[in-house]
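Following: one structure in structure tokens, then a few remarks.
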2 protein chains.
Amino acid sequence: MNAKPPTSLDVARLAGVSQATVSYVLNDRPGARVSDETRERVREAAERLGYVPHAGARTLRTGRSGLILISMDDVPYGPLAIGMLEELDRELSRRGYTLVQYGARRLRGVPAARAWAELRPVAVLAGAGKLDEQAVAVLRSAGVKAVVALGAHSSAVTASVVVDHAGIGALAAGHLIDRGCRTIAAVVPAEPGLREMGEHRLSGARRVAEARGVPLTRADLPFSEEGAAALLDVWRRVDGVFAYNDDYAMLLMTVLRDAGVAVPGDVRMVGCDDLPLATLLRPRLTTVRIDVSAMPSLLARRLEELMEQEAPAEPDHIHPWNPVLVVRESS
Amino acid sequence: MNAKPPTSLDVARLAGVSQATVSYVLNDRPGARVSDETRERVREAAERLGYVPHAGARTLRTGRSGLILISMDDVPYGPLAIGMLEELDRELSRRGYTLVQYGARRLRGVPAARAWAELRPVAVLAGAGKLDEQAVAVLRSAGVKAVVALGAHSSAVTASVVVDHAGIGALAAGHLIDRGCRTIAAVVPAEPGLREMGEHRLSGARRVAEARGVPLTRADLPFSEEGAAALLDVWRRVDGVFAYNDDYAMLLMTVLRDAGVAVPGDVRMVGCDDLPLATLLRPRLTTVRIDVSAMPSLLARRLEELMEQEAPAEPDHIHPWNPVLVVRESS
DNA sequence: ACGCAGTGGTTATACGTATAATCAGTTGAT
DNA sequence: ATCAACTGATTATACGTATAACCACTGCGT
């Protein structure tokens with residue numbers, strides 16, 4: 001009942017062959033010369049015993065683990081991130097790698113890197129905020145071939161996948177101005193986890209607004225009705241708002257309705273993410289959808305390159321995201 | 001530049017001691033007799049080399065891994081699940097375990113179990129739908145001490161953590177009847193991932209409704225405005241609706257408003273989850289909040305028990321969730 | 001008869017770690 | 001002076017796997 005897990009040696013004994021033969025058969029190594037009947041005997045014995053190889057032992061022997069670690073706890077969890085993760089998982093497992101999420105207790109920097117390094121992964125993907133130069137050095141020293149930072153800006157120390165937040169802001173602001181807005185506001189969330197991305201979206205909006213001669217107000221907003229109500233004079237002064245995302249847009253539309261400000265009559269509104277709730281709002285919400293469908297396969301390919309080559313890659317970045325405007329009634 | 005990762009033997013050489021001494025010092029084993037100065041030398045050498053132990057080798061030697069796998073892809077991701085996961089992570093790492101999310105490519109049954117078993121985890125938590133009897137046997141055979149099913153109902157084959165969905169439905173229905181509703185409806189989502197939980201919530205609501213002599217209509221609803229509009233005669237026939245969760249409640253409130261049905265005047269509405277959007281709806285949404293704050297520490301303790309004892313535990317279950325009614329304006 | 005290539009395996013070893021077993025010195029009690 | 005107990009280490013080994021190196025045997029051309 002409480003026996004030890006069967007090993008390849010157990011399989012070998014049952015099949016009447018040597019342990020080496022078992023290894024050759026089960027991994028079907030190209031060069032191995034084993035007769036078909038022996039192969040069958042080995043496979044059957046493995047099946048009977050319920051043999052499952054010991055990943056740790058294999059890693060120890062080969063020096064490579066096939067394990068890819070991803071730490072998502074910098075990146076906001078949403079349907080978007082989940083879907084992307086699933087697809088990435090599929091792409092990587094197809095290539096023989098195992099994708100595993102490991103947040104490392106919200107550690108960051110070197111302590112987080114040490115925790116990851118213990119597992120001797122072949123690649124680590126982590127929020128840019130968790131990877132400083134020393135942390136990357138720890139990972140490299142532990143044999144991690146590919147270190148990729150995920151975040152809003154590219155990293156100077158390693159390859160990275162950056163989300164083009166500025167592009168989102170630019171798209172939203174451009175649309176508002178196209179609709180005739182003469183003064184606009186852009187929301188920057190006050191929440192620590194979101195503020196940085198808010199700043200980036202703001203900067204993109206600001207760039208477009210300046211280029212087209214439209215004044216832009218920055219609105220630092222905590223996610224609460226009181227917070228939104230406290231800025232009522234801001235919303236009354238402008239005729240267009242980029243609300244950072246759909247949740248904030250819903251918050252604002254609720255508060256504006258209570259205050260008697262008409263959307264889009266008095267102020268046009270644009271969100272981001274194209275959440276299901278966007279079409280449920282009245283008026284229906286114009287939003288920026290981020291198309292990430294191209295991202296998993298691109299990232300998987302890039303990872304494969306990085307893991308195969310010997311030298312650590314020069315820091316570069318890809319941003320395989322495509323912001324698309326979905327125009328509805330609120331703008 | 002591309003050197004191999006430093007081993008405990010490298011540390012030993014630099015410190016001028018044996019590899020065994022390094023192991024004793026870095027794990028500071030209670031019985032080990034090593035002088036303080038030697039300890040210091042070893043620690044310094046390890047620091048200098050950036051030594052990180054090799055988890056695979058350690059697992060191989062000791063036979064235990066400290067790795068706990070959780071597969072969340074049955075359980076719906078939301079702020080609730082995320083928060084719970086973080087707290088569970090904290091509880092387990094405090095006890096010396098490493099919590100890792102591993103979805104296993106959405107495999108289920110034996111194939112998923114084999115993938116998990118390769119890592120020789122000490123515990124596996126997975127959606128009840130992924131764990132059939134054979135899968136559990138595979139895990140047990142691979143030395144997994146604790147196998148815990150997560151889901152809406154208890155498992156006959158292993159310990160489980162069940163969410164008391166029936167209790168949620170009962171609480172919501174009881175509240176509606178308290179408010180004077182004489183005929184109520186309960187939403188069951190048509191989405192494959194949610195339907196089962198919807199059935200459980202429905203059953204709880206039905207139990208209470210029958211006990212109090214109130215007719216209850218089941219409403220199978222896909223998440224779309226067309227779907228909700230197609231059932232308009234249902235909503236018109238009842239004076240209370242338990243909407244499964246807040247998202248569905250928002251969908252219904254939007255459609256009902258468009259159709260001229262007043263909430264709560266014509267029909268009272270109760271959601272579930274207490275999402276931020278619940279307070280942003282007009283009228284503000286009455287909802288069932290699930291208090292999961294007690295869950296992580298309870299689960300961690302239970303896991304610890306299971307992992308320490310030798311015999312596989314008899315299937316039992318805990319449901320450390322506390323549904324709480326949050327009454328607002330919609331009911 | 002002899003080498004020689006091909007077939008179907010086996011033997012031996014290393015990966016990095018934890019730990020039981022051992023050992024050389026030193027101290028202390030009698 | 002002798003033995004026991006303690007201190008501070010070292011030596012040796014096993015965990016499960018992959019793979020290089022080796023080996024016995026058969027068939028075959030000369």
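Table for the structure above
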quantity: Output for the range A:42-75, where each listed residue is within 10 Å of chain B (Cβ to nearest Cβ) and more than 25 Å from A:SER8 (Cβ to Cβ); calculated: A:LEU69, A:ILE70, A:MET72, A:ASP73
quantity: Whichever residue in the range B:212-243 is away from chain A (no Cβ under 14 Å) and aromatic (Phe, Trp, Tyr) and, among such residues, is nearest to B:LEU80 (Cα to Cα); calculated: B:PHE242
quantity: Count of residues meeting criterion [at the interface with chain A (Cβ under 7 Å from one of its Cβ atoms) and open to solvent by 60 Å² or more (accessible area, probe 1.4 Å)] in the range B:107-117; calculated: 1
quantity: Unmet requirement for A:GLY198, which otherwise passes all of (1) in a helix (DSSP H, G or I); (2) more than 24 Å from A:LEU150 (Cβ to Cβ); calculated: (2)
quantity: Residue within the range B:236-247 that is free of Cβ contacts under 8 Å to residues at least 60 places away in the same chain, over 26 Å from B:GLU196 (Cα atoms) and among the acidic types (Asp, Glu) present; calculated: no
quantity: Qualifying residue in the range A:120-129 (condition: facing chain B (nearest Cβ under 9 Å), in contact with a Phe, Trp or Tyr (Cβ under 8 Å, 6 or more places away or on another chain), open to solvent by 20 Å² or more (accessible area, probe 1.4 Å) and not in a strand (DSSP E or B)); calculated: no
quantity: Any chance A:ALA173 is touching a residue at least 24 places away in the same chain (Cβ under 8 Å) and open to solvent by less than 30 Å² (accessible area, probe 1.4 Å); calculated: yes
quantity: Residues located in the range B:199-222, provided they are touching a Leu at 6+ places or on another chain (Cβ under 9 Å), in contact (Cβ under 8 Å) with a residue 12 or more places away in the chain and not β-branched (Val, Ile, Thr); calculated: B:LEU202, B:GLY204, B:ALA205, B:ARG206, B:ALA209, B:LEU216, B:ARG218, B:ALA219, B:ASP220, B:LEU221
quantity: Unmet criterion (only one of (1) crowded, with 21+ Cβ neighbours inside 10 Å; (2) farther than 30 Å from A:ASP247 by Cβ; (3) under 18 Å from the mean Cα position of the chain (by Cα); (4) facing another protein chain (nearest Cβ under 9 Å)) for A:SER93; calculated: (1)
quantity: Residue in the range B:59-73 that is surrounded by 14 or more Cβ atoms within 10 Å (Cβ to Cβ), under 25 Å from A:GLN134 (Cα atoms) and within 11 Å of DNA strand D (Cβ to nearest atom) present; calculated: no
quantity: Given (1) without any contact (Cβ under 8 Å) to a residue 60 or more places away in the chain; (2) more than 16 Å from B:PRO276 (Cα to Cα), index of the condition A:LEU251 fails; calculated: (2)
quantity: Only one of B:VAL187, B:VAL148, B:VAL144 that is among the aliphatic types (A, V, I, L, M), assigned to a strand (DSSP E or B), buried (at least 23 other Cβ atoms within 10 Å of the Cβ) and out of contact with any Ser or Thr (no Cβ under 7 Å at 6 or more places or on another chain); calculated: B:VAL187
quantity: Residue among B:ALA3, B:ALA45, B:ALA12, B:ALA32 that is within 14 Å of DNA strand D (Cβ to nearest atom) and modelled with pLDDT under 95; calculated: B:ALA32
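The values are calculated or read from the model by the stated rules, or taken from the named source; none is laboratory data. Since this is a predicted model, take the numbers as computed values, not measurements. Quick reminder, even Gly has a Cβ in these numbers, built from the backbone with ideal geometry, and neighbours come from all protein chains shown. Each accessible area value is taken on the protein alone, full model and side chains, heavy atoms only, with ligands, DNA and RNA left out. Shrake-Rupley method; radii C 1.70, N 1.55, O 1.52, S 1.80 Å.
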